[in-house]
Protein chains: 2
Amino acid sequence: MLIRPARKDDAAAIWSIIGPVVRAGETYALPRGMSEQDALAYWMAADRETFVAEDEGRIHGTYYLRANQFGGGDHVANCGYMTDAAAAGRGVARAMCGHSLAHARSRGFKAMQFNFVVSTNERAVRLWQSLGFEIAGRLLKAFRHPVKGEVDALVMFRAI
Amino acid sequence: MLIRPARKDDAAAIWSIIGPVVRAGETYALPRGMSEQDALAYWMAADRETFVAEDEGRIHGTYYLRANQFGGGDHVANCGYMTDAAAAGRGVARAMCGHSLAHARSRGFKAMQFNFVVSTNERAVRLWQSLGFEIAGRLLKAFRHPVKGEVDALVMFRAI
């Protein structure tokens, strides 16, 4: 699997991955009705680097990396990852997270923070823990899950 | 003290409060060299409501209120508060926070979150605790304090 910077002409493939995640509204705090244009503008915004995970010419996942804060907090990175549902279980998210940690380190970041991991996304929580992230905080009922109702969100953090 | 929505012609007074806080770089994760224009664009951005605390025609403090997340997380508010150093100790921040909690409630928010309270800002931490906020998380060495070096930042949270 090749993880490389996203290009403008990846937009359709990226939307095919992030669109269903946004529409489901179960794991990201983004408006479920967000337009393709707005979602891509968010995912590929100028304040972040966006990558895709490609295998045999097909894009299976995408992530972004940015500084989580400005000024005195800009040594902590933040990422968001999404994987094509059809490629679940193949280690795409794990590979992207490993890539992001190495890339963040190369950019001089000293830590990585996930601001809002939905607690019911147990696969993600376990994956991030296996990659060295700790639960730094719990936000009570901070997410309205479309099926499960009000659930907690987690702040996860690790030094890099 | 009157707490009212900021108007465009409050910009100079707002900058006189937020400018020194930004330049000091001790309590907010904003670029210390941020221009007046950029700082005001941030503080009075379209995605938030900005207020000023006025007493006898003079502005002593300012705060903003916004949704902390989109979509399924948009029932949690986020605020930032800054007080004129010359008015410290007069309860301006406490009054603004109380106003913000009531205003957030009136807007339908169910909780309020501060994402990044610098741990060495002990007066603020105690004030928010006295107003019902709990420390929901600790971000290790997430802030580079210009005098104290790498210090922790706190995530603070309360239902409203």
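Values as computed for the structure displayed
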quantity: Within the stretch A:2-159: Cβ-based charge dipole about Cα centre, in debye rounded to nearest 20 (Lys, Arg +1; Asp, Glu -1); calculated: 340 debye
quantity: Mean residue ellipticity (222 nm) of the protein assembly as shown, computed from DSSP H runs ≥ 4 via -39,500 (n - 2.57), nearest 500; calculated: -9000 deg cm²/dmol
quantity: Rel. contact order, % - alpha carbon contacts under 8 angstrom, at least six apart, the stretch A:62-129; calculated: 33 percent
quantity: For the protein assembly as shown, alpha-carbon Rg over 2.2 N^0.38 Å; calculated: 1.02
quantity: Contour excess over end-to-end distance, with Cα ends at B:Ser106 and B:Arg32 and 0.36 nm allotted per residue; calculated: 23.2 nm
quantity: The stretch A:2-159: relative contact order as a whole-number percent, Cα under 8 Å and 6+ apart; calculated: 19 percent
quantity: Relative intensity, log₁₀ I(q)/I(0), of chain A from a Debye sum that treats every alpha carbon as a point, q = 0.09, 0.20 Å⁻¹; calculated: -0.27, -1.49
quantity: Lys pairs, the protein assembly as shown - Cα-Cα below 30 angstrom, 8 or more residues apart or on other chains; calculated: 9
quantity: Residue (of B:Val92, B:Ala111, B:Trp15) at the positive-pole extreme of the stretch B:2-159, dipole from beta-carbon charges; calculated: B:Ala111
quantity: Charge dipole magnitude, Cβ of K and R +1, D and E -1 - the protein assembly as shown, Cα centre, debye nearest 20; calculated: 620 debye
quantity: Cβ-derived FRET efficiency at R0 22 Å, B:Asp47 paired with B:Asp152, nearest 0.05; calculated: 0.20
quantity: Gained length - A:Arg7 relative to A:Asp55, 0.36 nm times residue gap less alpha-carbon distance; calculated: 15.7 nm
quantity: DSSP beta bridges in the stretch B:2-159 [antiparallel fraction, %, rounded to 5]; calculated: 90 percent
quantity: Intensity falloff of the stretch A:113-160 expressed as log10 I(q)/I(0), Debye formula with alpha-carbon point scatterers, at q = 0.14, 0.18, 0.19 Å⁻¹; calculated: -0.31, -0.49, -0.54
quantity: Quotient of Cα Rg and 2.2 N^0.38 Å for the stretch A:1-90, N being how many residues it contains; calculated: 1.09
quantity: Those GluC sites (Glu not before Pro) in the stretch A:1-109 that DSSP places in a loop and that have at most 13 other beta carbons within 10 Å; calculated: A:Glu56
quantity: Residue (of A:Trp43, A:Gly72, A:Val147) at the positive-pole extreme of the stretch A:33-160, dipole from beta-carbon charges; calculated: A:Gly72
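Quick note: the coordinates plus some simple rules give every number you see, no bench work behind them. Please read all numbers here as calculations on a predicted model, not as lab measurements. When we count neighbours, we look across all protein chains shown, and the Cβ atoms used for this are built from the backbone with ideal geometry, even at glycine.
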